[in-house]
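Encoded as structure tokens, the structure appears first; notes follow it.
The values are calculated or read from the model by the stated rules, or taken from the named source; none is laboratory data. Note that this is a predicted model, so its numbers are computed, not measured. With ideal geometry, Cβ positions are generated from the backbone for all residues, glycine too; neighbour counts draw on all protein chains shown. Just the protein is used for accessible areas: all its heavy atoms, side chains included, with ligands, DNA and RNA removed. Shrake-Rupley method; radii C 1.70, N 1.55, O 1.52, S 1.80 Å.
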Amino acid sequence: MHRPTALGGALTALATAAAGVLVAAAVSTTPAAAAVGGTGTGYLHTSGNKIVDSTGATVRLTGINWFGMETDNKTFHGLWSSNPWRGQLDKMASLGYNTLRIPYSNDALKPGATASGINDFVNPDLVGLSPLQILDKVIDYAGGKGMRVILDRHRPTAAGQSPLWYTSTVSEATWINDWKMLAQRYAGNPTVIGADLHNEPHAEGTNPAATGACWGCGDTARDWRLAAERAGNAILGVQPNWLIFVEGVSCPSGGLSNVWDGDTSNDEDCGWWGGNLTKAKDFPVRLNVANRLVYSPHEYATSVYRQTWFDAPDYPANMPAIWDRYWGYLHKQNIAPIMMGEFGSTLADPKDKVWLENLMAYTGTGVNGMSFTYWSWNPNSGDTGGIALDDWTNINTTKQAILQPYLIPPVGGGGPSPTPTTPGPTPTTPAPTGGCTASYQQVNAWQGGFQGELTVKNAGTAAVNPWSVTWAWPSGVSLASGWNATVTQSGTTVTAAAPDWSRSLAAGASVTIGFTANGAASAPGTVKLNGTAC
């Protein structure tokens with residue numbers, strides 16, 4: 001659930017002072033520290049209440065939502081900012097977010113769909129690309145950082161969310177066929193690990209004439225559990241390796257509770273949109289491929305809606321029992337894994353800070369804790385704000401400090417190759433026999449920074465494995481972000497090390513290293529390939 005603030009060519013500023021201290025946090029230029037688990041190797045599956053990788057190692061997804069593709073812009077918000085899209089992903093990974101949940105609407109998938117709200121001065125490589133082509137680039141780059149991606153069908157159209165998974169203009173067949181298209185598009189890429197089938201199914205109308213999403217009622221037009229089975233099995237028929245993320249409903253009957261309609265004869269236990277999984281034990285989602293089901297509730301605080309439990313005399317001690325009832329029992333009884341797809345707050349109310357601290361403690365620490373993707377990276381979520389501040393570069397340190405102990409940074413795994421390569425022995429770092437050549441192109445420049453691409457060719461007769469490129473910059477020029485390699489800086493020397501999925505540079509082959517930098521635009525000097533000057 002979110003209400004993005006209006007975008008009129010530029011970001012409408014939010015009042016963030018109440019949400020946390022506005023402290024600058026420079027973009028990290030070093031890889032996130034290794035942690036136990038990371039995002040694992042190969043595709044993921046489930047085992048009891050755990051998500052495990054292809055080797056059986058437990059994986060905890062500690063991610064974040066980056067929305068916009070579900071709106072009229074049809075692509076990620078914040079691309080209008082002065083922080084390049086890669087720089088934003090660099091920051092997410094460096095903070096410890098190992099998974100990206102990407103909301104979309106079916107409008108963004110239509111032939112001829114156009115992405116808007118892109119600063120072509122900062123992101124020239126996105127100009128003219130379709131929403132899907134931009135998604136491809138984000139997935140490829142995120143995978144290169146060891147991150148995983150969950151696709152979230154957030155809305156049928158950009159106009160807004162819907163109680164059911166279909167509307168009068170977007171049929172169930174369209175919903176399923178678009179999912180099958182995405183599953184096929186990313187079938188060979190284990191960066192994309194699964195499908196969050198439909199965002200926040202919820203109640204509509206009043207009983208007994210309810211028209212919203214129910215759970216276990218048996219009405220094929222309204223029973224979200226049955227619809228999730230149909231879509232999940234259709235996806236698994238195309239891509240059997242994906243996880244299927246199934247959210248809850250709000251009221252199991254599909255009708256609004258007496259909180260709204262005053263009908264005390266049918267007092268029903270209702271919760272957040274997408275957050276009520278009380279019926280999942282009695283009416284489980286049945287998939288044709290075993291060990292693919294993950295339940296994905298949403299959980300919010302007073303900045304979204306002031307539920308009665310926030311004002312209970314024993315708050316916050318009352319909250320674990322509430323979470324147990326709605327969804328936590330599925331984890332505690334080893335029925336299925338939990339991945340909280342959305343949770344967040346502006347933290348404007350002191351109760352919300354207590355809520356977030358207690359919720360994170362409830363999920364557990366370390367790799368065996370419940371998975372989650374925080375809502376959101378975006379500062380322009382009207383009812384929660386974001387981790388990023390309004391400049392899309394600096395962060396809300398109050399929120400980050402609460403989440404930080406539970407984050408497991410991305411390390412290895414994922415990547416655009418279905419089978420991650422195994423690094424060879426450390427000594428195999430030969431200099432290129434025959435030398436190398438280098439060429440440089442300045443892609444863009446702005447006040448205080450620039451973007452460039454350095455292409456290095458192995459002019460030798462043998463492959464270089466693993467390869468490493470170094471260059472020098474004048475004093476005062478500093479790296480902001482890099483891609484197609486692990487790019488770091490020490491003093492005036494920049495090193496671009498081969499990524500795990502492309503360690504070898506064949507004879508005659510080239511690699512193009514992209515980067516953004518702070519300072520006066522400067523071409524790389526003294527370029528070397530494995531110590532040999534180009």
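Things to note:
- Test set (1) open to solvent by less than 60 Å² (accessible area, probe 1.4 Å); (2) in contact (Cβ under 8 Å) with a residue 40 or more places away in the chain - Ala485 fails condition number: (2)
- Residue check for Tyr362: hydroxyl-bearing (Ser, Thr, Tyr), open to solvent by 10 Å² or more (accessible area, probe 1.4 Å), modelled with pLDDT of 95 or more and within 27 Å of Thr308 (Cα to Cα): yes
- Residue that is nearest to the chain's Cα centre (by Cα), among those in the range 292-336 that are surrounded by 15 or more Cβ atoms within 10 Å (Cβ to Cβ) and among the polar types (S, T, N, Q): Ser296
- Note on the range 188-215: among residues that are small (Gly, Ala, Ser) and in contact with a Leu (Cβ under 9 Å, 6 or more places away or on another chain), the one that is surrounded by the fewest Cβ atoms within 10 Å (Cβ to Cβ) is Gly205.
- The residue that is modelled with the lowest pLDDT, among those in the range 207-237 that are over 21 Å from Gly194 (Cβ atoms) and polar (S, T, N, Q), is Asn207.
- Any chance Ser490 is modelled with pLDDT of 85 or more, closer than 24 Å to Gly146 by Cβ and open to solvent by 40 Å² or more (accessible area, probe 1.4 Å): yes
- Look at (1) free of Cβ contacts under 8 Å to residues at least 60 places away in the same chain; (2) within 25 Å of Gly68 (Cβ to Cβ); (3) touching a strand residue (DSSP E or B) at 6+ places or on another chain (Cβ under 7 Å); (4) assigned to a loop (DSSP other than H, G, I, E, B) and you find that Ile244 fails only one, number (4).
- Any hit, the range 104-119, residues being part of a helix (DSSP H, G or I), hydroxyl-bearing (Ser, Thr, Tyr) and open to solvent by less than 40 Å² (accessible area, probe 1.4 Å): no
- Candidate set from the range 144-187 (those that are outside any loop (DSSP other than H, G, I, E, B) and among the small types (Gly, Ala, Ser)); member that is surrounded by the most Cβ atoms within 10 Å (Cβ to Cβ): Gly144
- The range 463-502: number of residues that are more than 29 Å from the chain's Cα centre (by Cα), in a strand (DSSP E or B) and among the hydroxyl-bearing types (Ser, Thr, Tyr): 4
- If you go through the range 496-514 and pick out every residue that is out of contact with any Gly (no Cβ under 9 Å at 6 or more places or on another chain) and under 20 Å from Gln441 (Cβ atoms), you end up with 5.
- Selection from the range 337-359 of residues that are of a type in the set (Gly, Ala, Ser) and either in contact with a Leu (Cβ under 8 Å, 6 or more places away or on another chain) or crowded, with 20+ Cβ neighbours inside 10 Å (or both): Gly341, Gly344, Ser345
- Close contacts from the range 112-130, counting a first residue that is at negative phi and a second that is charged (D, E, K, R) and in a loop (DSSP other than H, G, I, E, B), with Cβ to Cβ under 7 Å and a gap of 6+ residues or different chains, come to Ala113/Lys74; Thr114/Lys74; Ala115/Lys74; Ser116/Lys74; Val127/Asp120.
- With respect to the conditions (1) in contact with a Ser or Thr (Cβ under 6 Å, 6 or more places away or on another chain); (2) closer than 30 Å to Lys353 by Cα, Glu299 lacks only one, and its number is (1).
- Among the residues making up the range 55-99, a single one is part of a strand (DSSP E or B) and either open to solvent by 10 Å² or more (accessible area, probe 1.4 Å) or free of Cβ contacts under 8 Å to residues at least 60 places away in the same chain (or both): Thr58.
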